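Following: one structure in structure tokens, then a few remarks.
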Amino acid sequence: MPVNITSCVYKPQSIEHGIFASSRLESVIGQDGVCSIKFSDEVTLWTFADTITGRWKSEKGRLEADKNEAFIDGMISNSIAWSEKITERNYKNIKLFFYKENNKIAQFIKNNKNENPLNHRFWAFDGIRSGDKVYVYYLHVYVPERADFLDFHVLYTGLARWNIPSGWKPGDRIDFQRLGPLFEKGEPFFGAAVMERNGYVYLAGHFKKNTNEFPLYFSRVRMEDIEKRAAYTYLSSSGDWIHDVKNAGEFSDDVSGECSLSYNEYMKEYIVIYSRIFTGDIVQVRFKDFSKLHSAKKEVVHKVKKTVGATMWAYSGKEIFSSGRNLFLIYIDPDKYQPVLVELKY
């Protein structure tokens with residue numbers, strides 16, 4: 001008898017698979033802010049926020065991803081890589097190739113000549129390809145002189161565009177242009193998660209409302225209007241799409257770092273994945289339509305153990321791809337400063 005999968009209750013089993021894409025450690029020491037972007041049927045792009053560069057003191061240091069066993073020579077505020085399309089066949093040993101200039105990993109969202117990279121940081125978010133263009137959202141962050149740990153100010157959320165040259169192939173130059181501020185200081189950080197469906201680009205954005213509340217907000221825009229701020233609308237608490245971001249609805253209130261937003265063809269539902277700020281637990285929210293999001297159940301699907309002596313919980317839990325009834329996500333281990341891969345089996 002056929003099973004109506006839309007009526008089933010999905011309670012996934014979670015399995016940790018260790019550090020995601022350990023091939024990265026041939027080029028970098030540590031990273032966070034991992035996002036996957038479908039470039040083609042053969043290629044996946046990967047954006048990262050802060051990226052620690054240097055070299056390992058020993059092979060043991062690289063294999064254990066122990067940054068204390070490395071000579072660190074810098075931290076660039078974003079980087080980009082490519083791989084073959086990630087699948088259930090290759091996810092355990094996926095090989096990432098980083099964009100480089102002069103044989104060194106280079107930022108793809110760049111500082112202007114009057115922006116000191118020690119103070120002005122451009123943290124890459126999620127993105128999307130449309131025709132011969134790739135768009136990536138980013139945060140312009142200002143770090144004061146002699147800043148304490150996590151002492152920074154978000155100036156705005158921007159959008160960067162890459163006009164893909166005819167005949168481009170992996171390894172060729174990647175040239176993104178900053179299009180300027182899209183969302184202003186004090187507005188949600190839209191672009192933390194990006195998804196296209198039925199001609200719309202849907203965005204999730206997190207925000208620190210106060211020391212105890214870290215809600216998510218949602219926005220959408222027609223793909224052809226992605227560069228136009230006035231074309232964006234925002235999900236209200238009642239489930240309507242409205243034009244005033246000041247009246248946007250708040251969803252959840254305990255989101256740590258970036259999240260993910262996807263439409264799962266197997267379950268025929270939208271899925272939001274995020275980490276809880278005060279526990280590191282990874283939460284799943286499933287819903288049939290955005291009008292139902294406010295009442296959707298928040299379910300812990302993976303509990304992350306805090307490393308002994310660590311000062312932070314894991315953060316930025318997010319989906320990176322799905323295949324059939326299995327969903328694959330990462331979270332950031334703040335002690336190792338590495339993304340950890342988790343499989344959810346439904």
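The values are calculated or read from the model by the stated rules, or taken from the named source; none is laboratory data. Keep in mind the model is a prediction, meaning the values are calculated, not measured. Neighbour counts are summed over all protein chains in view; Cβ atoms, including those assigned to glycine, are modelled from backbone coordinates with ideal geometry. The accessibility values were calculated without ligands, DNA or RNA, using every heavy atom of the protein model including side chains. Shrake-Rupley method; radii C 1.70, N 1.55, O 1.52, S 1.80 Å.
Flag: PHE321 matches the condition of being under 16 Å from the mean Cα position of the chain (by Cα), within 22 Å of GLN13 (Cα to Cα) and of a type in the set (Phe, Trp, Tyr).
Could you check how many residues of segment 120-138 are among the aliphatic types (A, V, I, L, M) and either open to solvent by 10 Å² or more (accessible area, probe 1.4 Å) or over 15 Å from the mean Cα position of the chain (by Cα) (or both)? If you could, list the steps in order and put the result at the bottom.
Residues of segment 120-138 that are among the aliphatic types (A, V, I, L, M), as a first pass: 124, 128, 134, 136.
From what is left, the residues that are either open to solvent by 10 Å² or more (accessible area, probe 1.4 Å) or over 15 Å from the mean Cα position of the chain (by Cα) (or both) are 128, 134.
Residues that pass the stated criteria total 2.
Answer yes or no: is there a residue in segment 232-251 that is touching a helix residue (DSSP H, G or I) at 6+ places or on another chain (Cβ under 7 Å) and either open to solvent by 40 Å² or more (accessible area, probe 1.4 Å) or aliphatic (A, V, I, L, M) (or both). Looking for residues that are touching a helix residue (DSSP H, G or I) at 6+ places or on another chain (Cβ under 7 Å) and either open to solvent by 40 Å² or more (accessible area, probe 1.4 Å) or aliphatic (A, V, I, L, M) (or both), one finds at least one in segment 232-251, hence yes.
Residue-wise test of (1) under 22 Å from the mean Cα position of the chain (by Cα); (2) more than 27 Å from THR47 (Cα to Cα).
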site: ARG220; (1), (2): yes, no
site: ALA231; (1), (2): no, no
site: TRP241; (1), (2): no, yes
site: SER252; (1), (2): yes, no
site: VAL285; (1), (2): yes, no
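Applying a threshold of 6 Å to beta carbon distances and a minimum spacing of six or more residues, or different chains, the list of pairs starting in segment 45-57 at a residue that is without any contact (Cβ under 8 Å) to a residue 40 or more places away in the chain and ending at one that is open to solvent by 20 Å² or more (accessible area, probe 1.4 Å) reads GLY54/PHE71; GLY54/ILE72; GLY54/ASP73; ARG55/PHE71; TRP56/ARG62; LYS57/GLU69.
In summary, ASP335 fulfils each of the numbered conditions (1) assigned to a strand (DSSP E or B); (2) over 15 Å from TYR266 (Cβ atoms); (3) of a type in the set (D, E, K, R) with the single exception of condition (1). Considering ILE109, ILE80, the condition of being open to solvent by less than 10 Å² (accessible area, probe 1.4 Å), farther than 22 Å from PRO188 by Cα and under 19 Å from the mean Cα position of the chain (by Cα) is satisfied by ILE80 alone. Selection over segment 302-321 of residues that are crowded, with 20+ Cβ neighbours inside 10 Å and either assigned to a strand (DSSP E or B) or in contact (Cβ under 8 Å) with a residue 60 or more places away in the chain (or both) gives a count of 7. At least 1 residues being touching a helix residue (DSSP H, G or I) at 6+ places or on another chain (Cβ under 8 Å) is the threshold, and among the strands (runs of 3 or more DSSP E) wholly inside segment 252-296 those reaching it are 269-275, 282-287.
Scanning segment 202-223 for residues that are in contact with a helix residue (DSSP H, G or I) (Cβ under 9 Å, 6 or more places away or on another chain) and open to solvent by 60 Å² or more (accessible area, probe 1.4 Å) returns a single hit, ARG222.
When the test is whether a residue is under 30 Å from LYS209 (Cβ atoms) and modelled with pLDDT under 95, PHE125 does not pass it.
Return the total of residues in segment 220-245 being of a type in the set (Asp, Glu) and farther than 19 Å from VAL134 by Cβ. Show your work before the answer.
Initial filter on segment 220-245 (of a type in the set (Asp, Glu)): 224-225, 227, 240, 244.
Checking the rest, the ones that are also farther than 19 Å from VAL134 by Cβ come to 240, 244.
Counting residues in segment 220-245 that are of a type in the set (Asp, Glu) and farther than 19 Å from VAL134 by Cβ gives 2.
Total residues in segment 75-90 satisfying the condition of being farther than 20 Å from TYR337 by Cα and of a type outside the set (D, E, K, R): the figure is 5.
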